[in-house]
Amino acid sequence: MFWTLLKKEMQIELRSKEISVSMLAFGLTVILTFAFAFNVSPIIFKTFAPGLFWIMILFIAVLGLHRMYAYEKDFDAFSLMVSAPVDRGLIFLAKWVSGVVFLFITELLIVPPFLLFLQLNLVLNVYQGLLLLLMGNLGIMVIGSLVSGLAMRAKMSEVLLPILLFPLVSPIIIAATKATVGLVNRSPFWQWQIWVLIMGTFIVIFAIVGYTIFDHITEE
């Protein structure tokens with residue numbers, strides 16, 4: 001059933017492309033704003049690049065999370081889905097995994113313009129960079145999928161989502177930024193592995209909590 005739900009999320013996005021296109025357009029807009037609004041040297045940009053990158057990813061994720069649940073909210077289709085004889089925790093997992101996929105694809109498309117327009121000449125370990133992207137995406141989306149399900153039926157869901165999400169996801173953003181600083185500075189992995197472990201801890205905790213309580217937060 002999980003694969004059926006995940007396939008449904010992917011097929012909807014392949015037909016409409018609302019999530020990926022909106023996330024990509026927003027990301028490129030932020031990159032161009034950074035590049036043309038701040039006339040500073042590449043060395044200064046390199047110092048602040050990790051923080052700018054993850055703040056940008058956070059706002060992109062918020063936009064994608066809102067659109068992920070907007071499909072079901074428009075015609076109250078979510079009520080029909082949760083009334084089906086299926087474990088509601090699987091709905092949470094499908095939303096989480098699909099969100100990670102959409103965000104990861106968007107990141108692969110915006111990282112080259114991010115490096116180009118900010119004039120960042122970085123020599124990075126590709127495998128460690130992909131690991132950080134994956135861990136950051138899992139952390140942001142596991143919390144975001146839970147909060148989105150909680151805020152979806154509220155009248156002001158667009159406002160409530162970031163208000164609830166930002167405080168909860170801030171440890172993930174801080175840890176991802178610190179780990180990225182270590183990656184950019186080419187520090188040994190053991191010097192910044194603690195931040196990766198922090199992200200992993202949050203992912204495991206919120207994955208268990210989300211799967212467990214999603215049944216209750218989706219009640220009318």
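The values are calculated or read from the model by the stated rules, or taken from the named source; none is laboratory data. Just so it is clear, the model here is predicted, and its values are computed rather than measured. Methodologically, a virtual Cβ is constructed for each residue, glycine included, from the backbone with ideal geometry; neighbour enumeration extends over all protein chains shown.
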In the stretch 174-193, anything surrounded by fewer than 16 Cβ atoms within 10 Å (Cβ to Cβ) and either over 16 Å from G136 (Cα atoms) or among the charged types (D, E, K, R) (or both) is listed as N185, R186, S187, P188, F189, W190, Q191
Every residue from the stretch 124-151 that is over 21 Å from L90 (Cβ atoms), modelled with pLDDT of 85 or more and not small (G, A, S):
Y127, Q128, L130, L131, L132, L133, L134, M135
When residues of the stretch 1-39 are limited to those that are part of a helix (DSSP H, G or I) and among the aromatic types (F, W, Y), the one modelled with the highest pLDDT:
F26
Report whether or not L103 is hydrophobic (A, V, I, L, M, F, W, C), loosely packed, with under 15 Cβ neighbours inside 10 Å and in a helix (DSSP H, G or I).
no
Look through the stretch 1-48, keep the residues that are more than 21 Å from L138 (Cα to Cα) and of a type in the set (G, A, S), and return whichever of them is surrounded by the fewest Cβ atoms within 10 Å (Cβ to Cβ).
A37
Among the numbered criteria (1) within 30 Å of L124 (Cα to Cα); (2) touching a helix residue (DSSP H, G or I) at 6+ places or on another chain (Cβ under 8 Å), which one does N185 miss?
(2)
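Can you say whether P171 is at pLDDT 85 or above, surrounded by fewer than 22 Cβ atoms within 10 Å (Cβ to Cβ) and part of a helix (DSSP H, G or I), as far as the supplied structure shows? Spell out the reasoning first.
Working: at pLDDT 85 or above: yes; surrounded by fewer than 22 Cβ atoms within 10 Å (Cβ to Cβ): yes; part of a helix (DSSP H, G or I): yes.
Answer is yes for this residue.
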Tally up the residues in the stretch 176-192 that are under 17 Å from F48 (Cβ atoms) and assigned to a helix (DSSP H, G or I), please.
9
Take the conditions touching a helix residue (DSSP H, G or I) at 6+ places or on another chain (Cβ under 6 Å) and β-branched (V, I, T) and apply them to V30. Does it pass?
yes
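Please find, among I213, I203, I198, the residue that is within 14 Å of the chain's Cα centre (by Cα) and surrounded by 15 or more Cβ atoms within 10 Å (Cβ to Cβ). Can you show your working first?
On the way: I213 fails: within 14 Å of the chain's Cα centre (by Cα); I198 fails: within 14 Å of the chain's Cα centre (by Cα).
That would be I203, the only listed residue that is within 14 Å of the chain's Cα centre (by Cα) and surrounded by 15 or more Cβ atoms within 10 Å (Cβ to Cβ).
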Pair list, Cβ under 8 Å, 6 or more apart: the stretch 122-150 residue over 20 Å from G182 (Cα atoms) and in contact (Cβ under 8 Å) with a residue 12 or more places away in the chain, other residue surrounded by 24 or more Cβ atoms within 10 Å (Cβ to Cβ) and among the charged types (D, E, K, R)
S145/K95; S148/K95; G149/K95
Output for the stretch 152-164, where each listed residue is modelled with pLDDT of 75 or more and in contact with a helix residue (DSSP H, G or I) (Cβ under 7 Å, 6 or more places away or on another chain)
L160, L161, P162, L164
